[in-house]
Amino acid sequence: GEPLPVLLLLLLLLLGTAPAQPSCQHFPKLLPTKLKELRVKFEEIKDYFQSKDEDLSIQLLSSDLLEEFKGTLGCRSVSEMMGFYMEEVLPSAMRTSTEHQHSVGDLGNLLLSLRAMMRRCHRFFTCDESSRSVKNIRETFSRMHKNGIYKAMGEFDIFINYIEKYLTMKRKN
């Protein structure tokens, strides 16, 4: 009567450790697909949000942010920017346009999925120190009120490009 429970336990352990999500070794291969999904989804709503952005004198996502992504604060900046979009920009965007709620929601889920994968694969994403660029972006976004939403959503493609540059750089390290 003793071997059966041990075998059952081993089987359960093996099943429990089977990767339900793609492993980190596949992350570099999955990355282009994840970024393409984000871009394709953003294309559905890009024209709407960019046409609503009336303050063309301000750019939220400047080259400062890209430089920060590439520097020692890269991880922190990427993480904070993902949080900023998921917690502030996308929920606000959903409230401003009922017509685009579904696409904006999908965009949020895709971003969440990418961030979850990045967090699981620590070498892409271990960080602490806070980002100055993201702090400035958040402040400008708040000052712009409703137009901040259009601005941030209109620049989402820039954000995807910056994430891609960060991750491509990390992959080479």
Take the conditions in contact (Cβ under 8 Å) with a residue 40 or more places away in the chain, part of a helix (DSSP H, G or I) and more than 15 Å from Asp53 (Cα to Cα) and apply them to Ile163. Does it pass? yes
So, in segment 36-65, of the ones that are of a type in the set (A, V, I, L, M) and crowded, with 19+ Cβ neighbours inside 10 Å, which residue ends up modelled with the lowest pLDDT? Leu65
If Tyr150 passes every condition in (1) in a helix (DSSP H, G or I); (2) surrounded by fewer than 19 Cβ atoms within 10 Å (Cβ to Cβ); (3) touching an Asp or Glu at 6+ places or on another chain (Cβ under 9 Å) but one, which one does it miss? (2)
Taking segment 88-117 and keeping residues assigned to a helix (DSSP H, G or I), of a type in the set (S, T, N, Q) and under 18 Å from Gly154 (Cβ atoms) leaves Ser92, Thr96, Gln101, Ser103
Which count do you get for residues in segment 39-61 that are over 17 Å from the mean Cα position of the chain (by Cα), in a loop (DSSP other than H, G, I, E, B) and closer than 20 Å to Phe84 by Cβ? 4
When residues of segment 81-117 are limited to those that are farther than 24 Å from Phe27 by Cα and touching a Gly at 6+ places or on another chain (Cβ under 7 Å), the one surrounded by the fewest Cβ atoms within 10 Å (Cβ to Cβ): Met94
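Which ones in segment 65-87 are among the hydroxyl-bearing types (Ser, Thr, Tyr), over 13 Å from Ile137 (Cβ atoms) and not in a loop (DSSP other than H, G, I, E, B)?
First, pick out the residues of segment 65-87 that are among the hydroxyl-bearing types (Ser, Thr, Tyr): 72, 77, 79, 85.
Then drop every residue that is not over 13 Å from Ile137 (Cβ atoms), which leaves 72, 79.
Ser79, the sole residue that qualifies.
Being at pLDDT below 90, over 16 Å from the mean Cα position of the chain (by Cα) and among the aliphatic types (A, V, I, L, M) is the requirement here; does Leu31 meet it?
Values: at pLDDT below 90: yes; over 16 Å from the mean Cα position of the chain (by Cα): no; among the aliphatic types (A, V, I, L, M): yes.
It is false that Leu31 is at pLDDT below 90, over 16 Å from the mean Cα position of the chain (by Cα) and among the aliphatic types (A, V, I, L, M).
The values are calculated or read from the model by the stated rules, or taken from the named source; none is laboratory data. Note that the structure is predicted; figures quoted are calculated from it, not measured. Here Cβ is always computed from backbone atoms with ideal geometry, including for glycine, and neighbour counts include all displayed protein chains.
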